[in-house]
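See structure below.
The values are calculated or read from the model by the stated rules, or taken from the named source; none is laboratory data. The model shown is predicted, which means the values in this text are computed figures rather than measured ones. Methodologically, a virtual Cβ is constructed for each residue, glycine included, from the backbone with ideal geometry; neighbour enumeration extends over all protein chains shown. Surface areas here come from the heavy atoms of the whole protein model, side chains and all, with no ligands, DNA or RNA. Shrake-Rupley method; radii C 1.70, N 1.55, O 1.52, S 1.80 Å.
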Amino acid sequence: PDLTLDKDQGLLFGQASLQSIATEYGSPTWVINADILKARYNKLDQAFKAEQLDVSIHYAMKANGHIAILDLLAKEGAGADIVSGGELLRALKAGISPAKICFSGVGKTEDELRLAIETQIAQINVESREELHLLSKIAQSIGKNAAICLRINPDVDAKTHHKITTGLAENKFGIAYKQAIAVYKEAYELPNITPLGFDVHIGSQISSTDPYRQAFIKMVALIKEARNQGLEVSTLDCGGGFGISYHDEKEARPDAIATLMKEVLGPLNLKLGIEPGRWLIGPSGVLISKVVMHKSNGPDAAPFIIIDAAMNDLVRPAMYDSWHGILPISPEIYQRPCQSLNIDGPVCESSDIFARDRLLPNLLPGDYIAILDAGAYGSVMSSTYNARPLAAQIMVSGNQSAVIQPRQSIEDLWKDEIIPSWYPKNS
Ligand code: LLP
């Protein structure tokens, strides 16, 4: 519904004409639609309000931490889920209040933990007993308290890609379910630690509510056990992972998640939190690219359409074999007959692939295409491999557009590189 084909203007993303953006800003170019992002945030927020659930939304900014995106979400009322000191400073810079920030991650450094305590963020999600002790030591040394949730590994299969599942016992994340109560007790005994409760995040791009149900049921048992033992539990952070529809998967439905949370967690009277990233920002972004070459490998094979975006821009297909929708931008292209196409980037790696045997109108050099659902884990995972500068980023709202990050210049790529002074000079 957010992409429509207008017979004169071609492909519209919300109200924005991608043809005009491509013409004005060139390619490859990321486009974030602020209206879509805002609408998605409000849809999620409303789903919980409709169930009269007290749920704080902590945007998992790793999905796309651009300041303009954080600024927009902060104004809508979102907090942030961060995973590094860099993300903490970025969130603060964007005006997100420390009272709305929670900090996840298995390898937080002493410096990062100190910064988190000093800035008095709402919640540190502690992922191990070792981290808990370290945190207590640092908190004592600066004379402040650290509010914590224990991230528990519930050993539940999220039924997603193996590289983005996090809640199985074999994954590095969280404290083993069986040790949870013992570690929570320790949290009570350690100085300068304020235990709030628990956190559970089982993975990403999860389409069904079943794995959430399994994880929440396990958390309910844990919370009841802790309370039976006289330990207070006020908070449950339910993590993120809500899936979107890249291809034929079903998009996770906020109302279904809210209903599930109400049913399973409602009776426990908890402060609830979620950490969605992809669901909010994924469908709010596309990547515009231009066809560079139409390479025929004979009449029996699908031609290779080489485009000017590559795995250094959007690494997801190369990294997770992920499927992204691809649509031509200009209206004339849709008049051409459809055929099976291979769409590839120009980088010297066979994994630099965007699509195999995709049925599309024939694409010719100079044509623009949009790679869909590229707002999450897109620009943030870019690199400059093959000396390819980072793509421009544009934000649109209604029929307005603005550069939110200029295209990197080639010179930028080496401006910080230094030849050691002791290196033999050319004579
Ligand atoms: N909370 C924690 C602790 C996480 O580790 C993650 C994602 C999230 C929340 C947000 O998950 P989301 O709602 O976005 O699914 N680069 C991969 C995804 C990696 C996800 C890492 N953790 C991809 O492109 O599919």
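Observations on the structure shown:
- Some residue of segment 149-162 being more than 30 Å from V315 (Cα to Cα) and at pLDDT 95 or above: yes
One line per residue, one yes/no per condition, for (1) aliphatic (A, V, I, L, M); (2) away from the ligand (no atom under 12 Å from the Cβ):
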position	(1), (2)
P195	no, yes
S207	no, no
Y246	no, no
P254	no, yes
M261	yes, yes
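- None of D300, D352, D321 is over 25 Å from S20 (Cβ atoms) and open to solvent by less than 10 Å² (accessible area, probe 1.4 Å) except D352.
- Filter pass, G107 being assigned to a helix (DSSP H, G or I), within 16 Å of the ligand (Cβ to nearest atom), open to solvent by 30 Å² or more (accessible area, probe 1.4 Å) and free of Cβ contacts under 8 Å to residues at least 12 places away in the same chain: no
- Checked across segment 176-192, the condition of being within 16 Å of the ligand (Cβ to nearest atom) and touching a residue at least 12 places away in the same chain (Cβ under 8 Å) holds for no residue.
- Output for segment 58-84, where each listed residue is open to solvent by 10 Å² or more (accessible area, probe 1.4 Å) and touching a Leu at 6+ places or on another chain (Cβ under 7 Å): L72
- For segment 136-166, the set of residues classified as within 16 Å of the ligand (Cβ to nearest atom) and assigned to a strand (DSSP E or B) consists of I148, C149, L150, R151, I152, N153, T165, listed by residue number.
- Test: residue in segment 17-27 that is within 26 Å of K271 (Cα to Cα), surrounded by fewer than 21 Cβ atoms within 10 Å (Cβ to Cβ) and touching a residue at least 12 places away in the same chain (Cβ under 8 Å): no
- Test: S379 is within 23 Å of the chain's Cα centre (by Cα) and surrounded by 18 or more Cβ atoms within 10 Å (Cβ to Cβ): yes
- Segment 168-222 - residue that is of a type in the set (S, T, Y) and open to solvent by 40 Å² or more (accessible area, probe 1.4 Å) and, of those, farthest from H247 (Cα to Cα): Y188
- Top-ranked residue in segment 45-57 [being under 23 Å from N33 (Cα atoms) and open to solvent by 20 Å² or more (accessible area, probe 1.4 Å); ranked as nearest to the ligand (Cβ to nearest atom)]: D45
- Residue check, P267 without any contact (Cβ under 8 Å) to a residue 12 or more places away in the chain, open to solvent by 30 Å² or more (accessible area, probe 1.4 Å) and either within 16 Å of the ligand (Cβ to nearest atom) or outside the structural domain of L72 (by TED's automatic domain parsing) (or both): no
- Scanning segment 223-252 for residues that are under 30 Å from V286 (Cβ atoms), of a type outside the set (G, A, S) and surrounded by 16 or more Cβ atoms within 10 Å (Cβ to Cβ) turns up C238, F242, I244, Y246.
- For segment 88-104, the tally of residues that are surrounded by 22 or more Cβ atoms within 10 Å (Cβ to Cβ) and not small (G, A, S) stands at 5.
- Among the residues making up segment 375-389, those that are out of contact with any Leu (no Cβ under 9 Å at 6 or more places or on another chain) and in a loop (DSSP other than H, G, I, E, B) are Y385, N386.
- Condition met for S401 (touching an Asp or Glu at 6+ places or on another chain (Cβ under 9 Å), part of a strand (DSSP E or B) and closer than 24 Å to L70 by Cβ): yes
- Residues of segment 276-296 that are more than 22 Å from the chain's Cα centre (by Cα) and among the hydrophobic types (A, V, I, L, M, F, W, C): V291, V292, M293.
- Verdict on K137 being under 16 Å from the mean Cα position of the chain (by Cα) and open to solvent by 20 Å² or more (accessible area, probe 1.4 Å): no
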